[in-house]
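The values are calculated or read from the model by the stated rules, or taken from the named source; none is laboratory data. This one's a predicted model, so the numbers in the text were calculated from it and none came from an experiment. Using ideal geometry, Cβ is built from the backbone for each residue, glycine included, and neighbour counts are taken over all protein chains shown. With ligands, DNA and RNA removed, areas are computed over all heavy atoms of the protein, side chains included. Shrake-Rupley method; radii C 1.70, N 1.55, O 1.52, S 1.80 Å.
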Amino acid sequence: MKIQVTCFATLARYSPQGGVLEVNPGATPQDVLDLLAIPGNEVKIVFVNGQNSGRDVLLQENDRVGIFPAIGGG
Amino acid sequence: MARLLRINTRTKKVTEDTLAGDYAGLGGRGLTSRIVRKEVPPTCHPLSAANKLIVAPGLLTGTTAANTGRLSVGGKSPLTGTIKESNAGGTFSQKLARLDIMGLVLEDKPDPDAAFQVIFISKNGVQLTEVPEISGLGTYDASTKLFEKFGSKVGIMVIGPAGENSRLASSIQFTDPKGNPSRAAGRGGLGALMGSKKIKAIVIDSQDAKAPEVADKEAFKAAAKRWAEILVSHPVTGQGLPSYGTSILINIINEAGTLPTKNFRDGRFDKAADISGEKMVELINQRKGVAKEGCHAGCVIQCSQKYCDENGQYLTSGFEYETVWAFGSNLLISNMDHIAHLDRLCDDLGLDTIETGTTVAMAMEAGVIPWGDGLAAIDLLKRIYDPKDYLGAIIGNGTAFTAEAFGVDRVPVVKKQSLPAYDPRAAKGVGVTYATTPMGADHTAGYAICQNILKVGGDIDPLGKQGNVEVSKNLQIATAAVDATGFCLFVAFAVLDTDDALDTIAKLISSRFGISFTADDIGKTGIEILKDEYSFNRDAGFTKAHDQLPDFFIQEELPPHKVKWDFTVDELQKAKVEI
């Protein structure tokens, strides 16, 4: 199934081509990190459909995944 | 001995006191709010002679501890009618501290036709002089002329045409280490208060002054070393902010569905990537700007920058997330250069960028200029230079005033101060802060975005109610205390995640003054400040009915999460410390 994935800030270089990734049904955010070879300790926040998510939830077709390092500002 | 200088702006008389009695041991926001509480009649007109403008460095300002160069500016707000503390960077605060001036109070007011004055403060004393050639000038030209007159090493606090004409959205600008007047005490219209007292600028020269010594040098040195380690080793203060500046937030707040778009109609902007921190750094690097620099000496976070135009010429600095939002997604403007020009204009006119961005949104709501038209927004702000331009006069008076002038009913303000860059429906912790802080809508007063979105200092669902009143209350207390120290508020990212951070701050204060100050005293300091502020507002006529968000947040669902604002009047009151 296809999902949308964007990696931000220092992780931007890991974003998949066109922002779309093909994963197996039953894939989790952790599987996405593994597929894109993103070091887990550089990731602070994972959003699925705009909400903070664990790395072990089941993703659905067309889910929007955002991957962030530690970020602050204001 | 810490000095409190009072300058009567009508008689030009200067008096000097030490900090004693009710003011003993206070600094920053602790001192500004206490003086306002004790000396300013809560019901007075903010532009009347009874109001006072107070400037105070923090308790640790002027020391070698990292990120302690911030300044509190206080008074009764011309914009909100509440008590106000507006916090700024720049070089001014450390120079005041070097002269051992813990507070500067501007009192009374001259006749309306009196000439503007410049106050010059050095180790030799205080002088008031007329510098007629800077009257009416923007802050960039005015500060250039003041540096020529008083030397390149002075620090400058200056208002622009907006403040001179007592516009309600006006800021007070401060020069940064490179001499640009790009740091602002932006919120609450304090530039109008300074303008009402006919003071165009305060210039401070701390050369050859002997800075006050810390009481216990060894203990202070050890605590300052640990303090710097805490800031540098945290991923936000050590890496995230220095790499991308505060606009690094654009993408994550957009992803979280809480980036206010088209005057708070949507939580996402389809062109967010064009105005992101990543994009800003790309442009800065292409144009040979500077991607990271500090707003004061001793800053290790370095979230500021030098932003150049297409020709490589300096355009602006201190170009913040809040500003990029206010003129960006809020107005549907996606051209970074247009947004940078608007930031430059605000700094030069002496206007709060948040308030002015939401004001331009009111003009767009009313059809004065089209949505998304950056060039039209630039032309609109330029009218504020002319004191006789009626449209400029309306826009310079802020969001609530402009909405009234044009009959707009979608007005994102609390206590007449505009909401900043997080939609409260999808970031409920900061929404509680907007509603209940004594300042009018203000994110910095209790920045629950940390726990709601950034997962710093905890993890609280931004879309539900659970835990959001409590976190806002605790953050409002902690923030008031931080604002008394002179620390940059961004130290909070590291403090919230580091076990010994509060103890380290307590050790800095103890060893600076030779007193016993504990981590528990930090919370007590914050509570005392909030009590002064809430009681002032109560006596000025503010009730729980004023601690609310505008109706449209209750009635309209925010995409993409389809959430509304759903706190009751009484639920919100629990976020306030009891008076």
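What's the average, rounded to a whole number, of partner chain beta-carbon atoms within 10 Å of each residue's beta-carbon in B:251-260? Working shown, then result.
On the way: counts 7, 11, 2, 3, 12, 7, 4, 1, 0, 0.
If you average over the peptide's residues, the count of other-chain Cβ atoms is 5.
Hey, what number do you get for chain B at 222 nm if only DSSP H runs of n ≥ 4 count, each worth -39500 (n - 2.57), divided across all residues, to the nearest 500? Can you show the working numbers first?
Values: 22 runs with 215 residues, N = 579.
Calculated at 222 nm, the ellipticity per residue is -11000 deg cm²/dmol.
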Rounded if a/c is under 1.5, else prolate if a/b beats b/c, else oblate: with a ≥ b ≥ c from the C-alpha gyration tensor eigenvalues square-rooted, which is chain B? rounded
From phi via Karplus (6.51, -1.76, 1.60), per-residue ³J(HN,Hα) for segment B:17-24 in Hz, x at Gly/Pro: 10, 9, 6, 9, x, 4, 9, 4
What is the Cα centroid distance between segment B:54-118 and segment B:359-421, reported in whole angstrom? 28 Å
For segment A:54-61, in order, what is each residue's ³J(HN,Hα) by Karplus, 6.51 cos²θ - 1.76 cosθ + 1.60 with θ = phi - 60°, in whole Hz (x at glycine and Pro)? x, 8, 10, 7, 7, 8, 10, 3
Report the residues of segment B:510-545 in range of a label on B:Ser48: point 7 Å along Cα→C-beta, backbone N strictly under 13 Å from it. B:540
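Suppose we keep just the DSSP beta bridges with both residues in chain B; what percent of those would be antiparallel, to 5?
Numbers: 42 of 53 bridges.
That works out to approximately 80 percent antiparallel.
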Per residue of A:43-53, other chain Cβ atoms within 10 Å number on average 5
Using the Karplus curve 6.51 cos²θ - 1.76 cosθ + 1.60 with θ = phi - 60°, what ³J(HN,Hα) values do you get for each residue of segment B:39-55, in whole Hz, with x for Gly and Pro? 10, 9, x, x, 8, 5, 6, x, 9, 8, 4, 6, 6, 10, 10, 10, 10
What percentages make up the Cα-Cα pair-distance distribution of segment B:125-233 when the bins are 5 Å wide from 0? 2, 11, 18, 17, 13, 11, 9, 9, 6, 2
Row for segment B:420-579, column shape: gyration tensor on C-alpha, a ≥ b ≥ c, rounded if a/c < 1.5 i.e. under 1.5, prolate if a/b over b/c, else oblate; value oblate
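Eigenvalues of the Cα gyration tensor times 5, then square-rooted: what semi-axes does that give for segment B:477-540, in whole angstrom, largest first? List each step's numbers first, then the result.
Values: eigenvalues 107, 42, 18 Å².
Equivalent ellipsoid of segment B:477-540: 23, 14, 9 Å, largest first.
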Residue farthest toward the positive end of the dipole of segment A:1-73, with Cβ of Lys/Arg at +1 and Asp/Glu at -1: which of A:Val5, A:Gly19, A:Phe68? A:Phe68
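Cα gyration tensor of the protein assembly as shown, axes a ≥ b ≥ c as square roots of the eigenvalues: rounded (a/c below 1.5), prolate (a/b > b/c) or oblate? Let's see the in-between values first.
On the way: a/c = 1.55, a/b = 1.35, b/c = 1.15.
Prolate.
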Cα centroid distance between segment B:306-339 and segment B:3-47, in Å? 37 Å
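Given the convex hull over the Cα atoms of segment B:198-240, what projected area results after averaging over all orientations, in nm²?
Answer in nm², one decimal: 6.3.
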Count the net charge of all other residues whose Cβ sits under 15 Å from the Cβ of B:Ser143, scoring Lys and Arg as +1 and Asp and Glu as -1. 0
Please work out how much accessible surface B:Glu556 shows to a 1.4 Å probe, ignoring ligands, DNA and RNA, in Å² rounded to 10. 70 Å²
How far is the Cα center of segment B:448-515 from the Cα center of segment B:202-273, in Å? 13 Å
Got a number for carbon plus sulfur as a percent of the protein assembly as shown's accessible area, 1.4 Å probe? 49 percent
Considering amide H positions built from the backbone, and no H for Pro or chain starts, which residues 5 or more places from A:Val5, or on another chain, come under 5 Å of its amide H? A:Val20, A:Leu21, A:Val65
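At most 10 other C-beta atoms within 10 Å and a DSSP loop state: those are the exposed trypsin sites (Lys or Arg not before Pro) I care about. Give me the longest piece of chain B that has none. Could the numbers behind the result be given before it?
Details: sites that count: B:Lys210, B:Lys288, B:Lys388.
The longest such stretch corresponds to B:1-209.
Going down the list B:Lys76/B:Lys197; B:Lys76/B:Lys306; B:Lys12/B:Lys200; B:Lys198/B:Lys306; B:Lys178/B:Lys292; B:Lys473/B:Lys544, which pairs span over 22 Å between their C-alpha atoms? Can you show the working numbers first?
Values: B:Lys76/B:Lys197 13 Å; B:Lys76/B:Lys306 33 Å; B:Lys12/B:Lys200 14 Å; B:Lys198/B:Lys306 32 Å; B:Lys178/B:Lys292 13 Å; B:Lys473/B:Lys544 15 Å.
Over 22 Å apart, Cα to Cα: B:Lys76/B:Lys306; B:Lys198/B:Lys306.
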Net charge of Cβ neighbours under 13 Å - reference B:Glu404; Lys, Arg +1; Asp, Glu -1: 0
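Expressed in nm², what is the orientationally averaged projection area of the convex hull enclosing the Cα positions of segment B:163-298?
Working: hull surface 51.6 nm².
Mean orientational projected area (segment B:163-298, Cα hull): 12.9 nm².
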Apply the Debye scattering formula to segment A:4-74, with a single equal point scatterer on each alpha-carbon and no solvent, then give log10 I(q)/I(0) at q = 0.12, 0.26, 0.27, 0.28 Å⁻¹. -0.27, -1.34, -1.45, -1.57
Looking at the protein assembly as shown, what % of its DSSP beta bridges pair antiparallel, to the nearest 5? 75 percent
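Suppose accessible area is computed on protein heavy atoms with a 1.4 Å probe; arrange B:Thr356, B:Thr568 from highest to lowest. List each step's numbers first, then the result.
On the way: B:Thr356 0, B:Thr568 70 Å².
So the residues, ranked largest to smallest area, are B:Thr568, B:Thr356.
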B:Glu85, A:Glu22, reordered so the largest accessible area comes first (probe 1.4 Å): A:Glu22, B:Glu85
Under-5 Å amide H pairs with B:Arg183, H placed in peptide plane, nonlocal only: B:Phe174, B:Asp176
Using a cut-off of 17 Å between alpha-carbon atoms, which lysines can reach B:Lys562, once sequence neighbours fewer than 8 places away in the same chain are excluded? B:Lys262, B:Lys428, B:Lys465
All aspartates and glutamates inside 16 Å of B:Lys564 as judged from Cα atoms, apart from same-chain residues fewer than 8 positions distant: B:Asp266, B:Asp423, B:Asp461, B:Asp551, B:Glu556
Give the long-range amide H neighbours of B:Val414: residues separated by 5 or more places, or on another chain, with amide H under 5 Å away, using H modelled in the peptide plane at 1.01 Å from N. B:Leu419, B:Ala441
